[in-house]
Amino acid sequence: MSAHQYDHGHTFAGWVGCAIGSVAAGVAGAGVVMVSGLLIAGGIAIGVVALLVTWALHLSGWGKGPGLRPREEWGWRVRDSSAPGGHGACLGCRLAGRRRPVDVAGVVPVRAGGETEAAAAVGADSVR
């Protein structure tokens, strides 16, 4: 079980992506200091690898979708049970072709000035 009170999204995919991304930033930073275009390009390439590895781990169930997970899945060594079908509001899942419908239970119609618009029930902002 996790020691924190909230689901911060600590996942295996997140830790691996952060580690590879840190190496990428170090290599690119060394390239800037040494004025080496090759090292800068290498750092950027490692950053792309970090992105792809994290995405692949997310799709295989080692990441998490937006929102809260069940408490028993808060540990970073626990696979996400909802990953195979995709997450409703997850860009990574949509890019992979996993299109689960977005839950619209929190959307309510709002009447303002005679027009109807859908706005989220919590934290909705309207620019007029």
statement: The Cα radius of gyration of the stretch 49-88, divided by 2.2 N^0.38 Å with N its residue count, comes to 1.13
message: Quick check: pseudo-label points 7 Å beyond the Cα along Cα→Cβ at I44 and R71, how many nm apart are they?
response: 4.8 nm
Estimated distance in nm for a label pair at L52 and L91, the labels positioned 7 Å out from Cα along Cα-to-Cβ: 1.9 nm
Gain upon complete extension [A30, W15; 0.36 nm per residue less C-alpha separation]: 3.1 nm
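Readers should treat all values here as calculations from the given coordinates under stated rules, not as data from a laboratory. What you see is a predicted model, and the numbers here were worked out from it, not measured in a lab. Because the Cβ atoms are built from the backbone with ideal geometry, glycine has one as well, and the counts that use them run over all protein chains shown.
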